[in-house]
Amino acid sequence: MEKRVLGRTGRPVSVVGLGTWQLGADWGDVREQDALAVLDAAVESGVTLFDTADVYGDGRSEQLIGRHLKERPDAGVFVATKFGRRVEQRPEHYNLANFRAWADRSRTNLGVDRLDLVQLHCPPTPVYSSDEVFDALDTLVAEERIAAYGVSVETCAEALTAIARPGVASVQIILNAFRLKPLEQVLPAAAEAGVGILARVPLASGLLSGRYTRDTVFPADDHRTYNRHGEAFDQGETFSGVDFATGVEAAVEFSALAPEGATPAGTALRWIVQQPGVTTVIPGARNPGQARANAAAAALPPLSDATLTAVRDLYDRRIRPQVHDRW
């Protein structure tokens, strides 16, 4: 699989990674043996980057990855974790003492001495402008608790503020065929600054797979049921902030754009991979077959100019009028 350097970490990683939110919580139950099988299938398919967070299953996702790292020490997997969402979201909680405690908990969960990458997990907006916060992250690097740090953001404005910070190695942001705003300023700014981009929610919570209808019902413990209107966390994390009915209709049009031999999901991932400035796309997977199919998208031929134009047209007609400007 093609590899690209993840910004200021200096580490080459696969262009398709694995997001492991599904393995922790919020997408329905995933058994431990199934979760480990997903990790194995991803690595066997050429994936070398796992994205996780200390809040996914309250550490379950990290612990499963830690077990995998122990069982396959030669796989060369780069683990990007996140912290900050296990406390009330107030800027004053983003301090050195908490950072040390959170990093140490993740190190224990993952079974490593030093974390490859820690990302602030969509913190309150004022955090991005705090010198003290980034001084504290620099201290974690100096103490060798972490090798590098980045941010996971909700908005393009937050991304641009973070990119201007000299120590920020990477930015994780929602980017998919139903969320084009990062293409305008964020990706060019990141490329100029040498900051890596991790593209999350690449299938718009599954909409872009083309598998859902207006009548699809998700389990009660799936965020696509309980966070549709931002009841639990930022609404933009669920279906990229797109109204479900609108998204289903737009997904039908998107599916028709898939080239011969490619699935809608593979087409959606290929679209992201070829956006200038993207380092890695991090789709999730609930079973080994999904993990293999996601990885295979990296080998698809580049989408044609006509297809790229059609994606933009679909977004402008169907999606842009329906989403909040912040996204």
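If you keep only loop residues by DSSP, which GluC sites (Glu not before Pro) in the range 209-313 have at most 13 other Cβ atoms within 10 Å of their Cβ? Please list the in-between numbers first.
Details: sites: GLU231, GLU237, GLU249, GLU253, GLU260; in loops: GLU231, GLU260.
For GluC sites (Glu not before Pro) across the range 209-313 that sit outside H, G, I, E and B with at most 13 neighbouring Cβ atoms in 10 Å, the list reads GLU231, GLU260.
Considering only protein heavy atoms, what is the solvent-accessible area of ARG8 at a probe of 1.4 Å, reported in Å² to the nearest 10?
90
Using θ = phi - 60° and the Karplus curve 6.51 cos²θ - 1.76 cosθ + 1.60, what whole-Hz ³J(HN,Hα) does each residue of the range 253-270 get, with Gly and Pro shown as x?
5, 4, 4, 5, 8, 5, x, 4, x, 10, 7, x, 5, x, 5, 4, 5, 4
Taking the Cα centre of the chain as the origin and placing charges on Cβ (Lys, Arg +1; Asp, Glu -1), which of THR309, LEU207, SER240 is farthest toward the positive end of the dipole?
THR309
Any number yet on Rg/Rh for the range 99-227, C-alpha, Kirkwood?
For the range 99-227, the value is 1.04.
Assign unit charges at the C-beta atoms only (+1 for Lys and Arg, -1 for Asp and Glu), then state the dipole size of the range 185-319 relative to its Cα centre in Debye, rounded to the nearest 20.
Magnitude of the dipole: close to 300 debye.
Arranged from highest to lowest average of other beta-carbon atoms within 10 Å per residue, in what order do the peptides 318-325, 53-60, 110-117, 168-175 appear?
Highest to lowest by the protection proxy: 168-175, 53-60, 110-117, 318-325.
Using the Karplus curve 6.51 cos²θ - 1.76 cosθ + 1.60 with θ = phi - 60°, work out ³J(HN,Hα) for each residue of the range 281-297 in order, rounded to whole Hz, and write x for Gly and Pro.
In residue order, the calculated couplings are 9, 10, x, x, 8, 9, 8, x, x, 5, 4, 5, 5, 4, 5, 5, 4 Hz.
When the helices in the chain are scored as -39500 (n - 2.57) per DSSP H run of 4 or longer and the sum is shared across all residues, what 222 nm value do you end up with, to the nearest 500 deg cm²/dmol? Spell out each step's value before the answer.
On the way: 11 runs with 113 residues, N = 327.
For the chain, the value works out to -10000 deg cm²/dmol.
Residues with amide H under 5 Å of ILE146's amide H, sequence separation 5 or more or different chain, H placed in the peptide plane at 1.01 Å from N; which?
LEU115, VAL141
Within the set of other residues whose C-beta is less than 10 Å from the C-beta of VAL195, count the net charge using Lys and Arg as +1 and Asp and Glu as -1.
Numbers: positive: ARG8, ARG165; negative: GLU192.
Overall, the nearby charge balance is +1.
Over the chain, calculate the relative contact order: mean separation of alpha carbon pairs under 8 Å at least 6 apart, over the residue count, as a percent.
In percent, rounded to a whole number, it is 22.
What figure, in Å² to the nearest 10, do you get for the accessible area of SER129 with a 1.4 Å probe and non-protein molecules left out?
80
Quick check on packing: order 181-188, 275-282 by the mean number of other C-beta atoms within 10 Å, highest mean leading.
275-282, 181-188
Toward the positive end of the charge dipole of the chain, about the Cα centre and with charges on Cβ (Lys, Arg +1; Asp, Glu -1), which of PHE78, ALA136, GLY289 goes farthest?
In the chain, that residue is GLY289.
Taking all protein chains in place and a 1.4 Å probe, what share, in percent, of the accessible surface of the range 161-204 do carbon and sulfur account for?
It is 54 percent, rounded to a whole number.
Let me check against my output: what whole-number percent is the relative contact order of the range 1-140, with C-alpha pairs under 8 Å and at least 6 apart?
Contact order relative to length: 21 percent.
How much net charge surrounds ILE272 when only the other residues with a Cβ under 12 Å from the Cβ of ILE272 are counted, with Lys and Arg +1 and Asp and Glu -1?
The answer is +3.
Once you put a point 7 Å from the Cα of ASP138 and another 7 Å from the Cα of ARG4, both along the Cβ direction, what distance in nm separates them?
2.9
Go through [x] 161; [y] 127; [z] 118 and flag the label whose value is the computed volume of the Cα convex hull per residue in Å³ for this structure.
[z]
In whole Hz, what ³J(HN,Hα) sequence does the range 225-239 give by Karplus (6.51, -1.76, 1.60; θ = phi - 60°), x for Gly and Pro?
9, 8, 10, 4, 10, x, 5, 10, 7, 4, 4, x, 6, 10, 6
Using amide H atoms built 1.01 Å from N in the peptide plane, name the residues 5+ places from GLN172, or on other chains, whose amide H lies under 5 Å from its own.
VAL151, SER152, VAL153, LEU198
THR216 to ALA75: extension gain in nm, 0.36 nm per residue of separation minus the Cα-Cα distance?
Extra length from THR216 to ALA75 when fully extended: 47.0 nm.
Can you tell me the relative contact order of the range 64-179? Whole percent, Cα pairs under 8 Å, sequence separation 6 or more.
On the way: 159 pairs, mean separation 28.8, N = 116.
Computed value for the range 64-179: 25 percent relative contact order.
Could you give the size of the charge dipole of the chain about its Cα centre, using +1 on the Cβ of each K and R and -1 on the Cβ of each D and E, expressed in debye and rounded to the nearest 20?
380
For the chain, find the longest principal axis of its Cα atoms and tell me its angle to the long axis of helix 305-314, 0 to 90°, nearest 10.
90
So, R0 is 45 Å and r is the distance between the beta-carbons of GLU44 and PHE233; what FRET efficiency does that work out to, to 0.05?
Once the sixth-power term is evaluated, E becomes 0.85.
Can you give me the accessible area per residue for the chain, using a 1.4 Å probe, in Å²?
Spelled out: the 1.4 Å probe surface of the chain, per residue, equals 40 Å².
The values are calculated or read from the model by the stated rules, or taken from the named source; none is laboratory data. Bear in mind that the values here come from a model prediction, so they are computed numbers and not experimental data. Cβ: placed from backbone, ideal geometry, glycine included. Neighbour counts: every protein chain shown. The protein model used for the area step is the full one, side chains on, heavy atoms only, and it has no ligands, DNA or RNA in it. Shrake-Rupley method; radii C 1.70, N 1.55, O 1.52, S 1.80 Å.
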